[in-house]
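What follows is a set of notes on a single structure, which appears directly below.
What follows draws every value from the coordinates through simple rules; no lab data is involved. All of these numbers come straight from a predicted model, not from anything done at the bench. Reconstructed Cβ throughout: ideal geometry from the backbone, glycine too, with neighbour counts over all protein chains shown.
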Amino acid sequence: MAVFDLETTGVNVGSDRIVEISIIKINPDGKEEVFTRRVNPGIPIPPEVTAIHGISDEDVKNEPLFAELAPSLVQFLANCDMGGYNSNKFDVPLLVEEFLRADIDFDLKGRRFIDVQNIFHKMEPRTLKAAYKFYCSRDLENAHSAEADTRATYEILLSQLDMYEDVEYTSNDGKTSKPIVNDVKALHEFSFHNRNADLVGHLIFNKKNEEIFNFGKYKGKTVEEVFNSEPSYYDWMMKADFPLSTKKVITAIKLRGFNNSSVKI
């Protein structure tokens with residue numbers, strides 16, 4: 001069994017690259033072998049990604065390319081089943097993609113895959129009923145009745161205020177805080193993974209307070225930049241099945257970009 005994790009230049013399996021790989025290989029006799037190595041991805045590491053895993057272009061400029069490590073990795077992983085966290089969705093596909101770029105067919109036939117995140121989510125379901133049981137230690141009666149669900153949600157919030165009072169939280173960028181306080185503004189800010197530019201989170205704000213795409217082929221790019229370079233993408237979004245509230249936001253961005261680029265004489 002090979003339990004492994006990747007640090008990468010981003011989360012797009014088709015275009016991003018590995019910057020660090022670590023594998024713990026557990027042999028049938030219980031003996032462990034550990035392989036950890038940084039990798040030169042051959043492309044720049046975005047600053048916002050470096051802020052998460054701490055690996056910069058400078059850190060990997062003298063490290064080998066993945067293609068140089070690939071032959072020894074294939075041998076190390078020979079006959080191994082694979083395990084990781086969110087590995088079925090991300091780490092395994094990206095690892096295979098890197099092998100293919102190196103002209104190596106990493107054979108998955110006969111291997112088994114264990115995804116710890118999927119086990120976690122299945123055994124600890126993130127439903128209102130499960131949350132009510134966890135926080136309030138009671139079974140939710142009349143689940144999916146609007147009033148019962150509303151009452152349960154409010155009771156969960158009150159329990160969260162008690163349970164997490166004075167409890168520290170560490171964000172992805174390493175900042176610690178005690179965010180669960182009886183204050184609507186603070187709870188509002190903690191309730192979002194990102195700062196949404198539209199209601200559903202198709203568009204979010206980056207650190208420069210610019211609207212960027214949070215989906216698709218332009219994920220991470222600013223909306224204004226994409227609309228300027230490919231106006232047809234705006235037309236596609238307006239015709240596609242996006243919420244009207246999202247279309248309202250992109251229209252405002254489109255008009256803002258047009259006004260900013262207008263030449264006044």
Work out from phi, with θ = phi - 60° and the Karplus expression 6.51 cos²θ - 1.76 cosθ + 1.60, the ³J(HN,Hα) of each residue of region 180-185, listed in order in whole Hz, and give x for Gly and Pro. 8, 10, 7, 8, 4, 4
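Which pairs, out of LYS89/LYS109; LYS185/LYS219; LYS122/LYS221; LYS219/LYS248; LYS175/LYS254; LYS133/LYS185, put more than 24 Å between their alpha-carbon atoms?
Working: LYS89/LYS109 17 Å; LYS185/LYS219 28 Å; LYS122/LYS221 34 Å; LYS219/LYS248 19 Å; LYS175/LYS254 35 Å; LYS133/LYS185 27 Å.
Going by Cα-Cα distance, LYS185/LYS219; LYS122/LYS221; LYS175/LYS254; LYS133/LYS185 fall outside the 24 Å limit.
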Helix-only estimate, please: 222 nm mean residue ellipticity of the chain, summing -39500 (n - 2.57) across DSSP H runs of length 4 or more and dividing by its residues, to the nearest 500. -12000 deg cm²/dmol
What is the fewest-to-most order of LYS175, LYS219, LYS25 by other Cβ atoms lying within 10 Å of their Cβ? LYS175, LYS219, LYS25
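Which of rounded, prolate or oblate describes region 176-222 when judged by the alpha-carbon gyration tensor and an a/c cut-off of 1.5?
On the way: a/c = 2.98, a/b = 2.41, b/c = 1.24.
Prolate.
What is region 203-261's relative contact order, in percent, from Cα pairs under 8 angstrom and six or more apart in sequence? Mind dumping the intermediate values first?
Details: 42 pairs, mean separation 12.6, N = 59.
It rounds to 21 percent for region 203-261.
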Between GLU230 and ARG101, what FRET efficiency follows from the Cβ-Cβ distance if R0 is 22 Å, with the result rounded to 0.05? 0.25
Just flag the GluC sites (Glu not before Pro) in region 99-204 sitting in loop per DSSP whose Cβ has no more than 13 other Cβ atoms within 10 Å. GLU141, GLU165, GLU168
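State, to one decimal in nm², a quarter of the convex hull surface area for the C-alpha atoms of region 95-181, i.e. the direction-averaged projected area.
Values: hull surface 40.3 nm².
Taking a quarter of the hull surface, the average projection is 10.1 nm².
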For ASP5, the residues 5 or more places away or on another chain with a placed amide H closer than 5 Å to its own amide H are SER22
Quick one: grab the alpha carbon gyration tensor of region 203-261, order the square roots of its eigenvalues as a ≥ b ≥ c, and give me rounded if a/c is under 1.5, else prolate or oblate depending on whether a/b is larger than b/c. rounded
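Based on the Cβ-Cβ distance from PHE242 to ASN27, what FRET efficiency comes out when R0 is 51 Å, to the nearest 0.05? Numbers along the way, then the final one.
On the way: r = 51 Å, r/R0 = 0.99.
Computed FRET efficiency for PHE242 and ASN27 comes out at 0.50.
Translational D (Stokes-Einstein, µm²/s) of the chain at 10 °C and 1.306 mPa s when Rh comes from the Kirkwood sum over C-alpha pairs?
71 µm²/s
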What is the Cα centroid distance between region 136-192 and region 209-229, reported in whole angstrom? 32 Å
Taking amide hydrogens as modeled 1.01 Å from N in the peptide plane, which residues meet the under 5 Å criterion relative to GLY10, leaving out close sequence neighbours? ARG17
Test of understanding: ordering HIS202, HIS53 by Cβ neighbours within 10 Å, fewest first, what list do you get? HIS53, HIS202
Cβ density ranking, 10 Å radius, fewest first, applied to MET237, MET1 yields MET1, MET237
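Using Cα-Cα distances under 8 Å and only pairs 6 or more residues apart, what relative contact order does region 128-190 have, in percent? Each step should come with its number before you reach the end.
Details: 57 pairs, mean separation 13.2, N = 63.
About 21 percent, as a whole number.
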Just need the relative contact order of region 123-265 here, percent rounded to a whole number, with Cα pairs under 8 Å and 6+ apart. 10 percent
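Report the gain in length on full extension from ASN172 to GLN117: 0.36 nm times residue separation, minus Cα-Cα distance, nm rounded to one decimal. If you can, show how the numbers build up before the last one.
Values: separation 55, 0.36 × 55 = 19.80 nm, distance 1.78 nm.
This chain segment gains 18.0 nm when fully extended.
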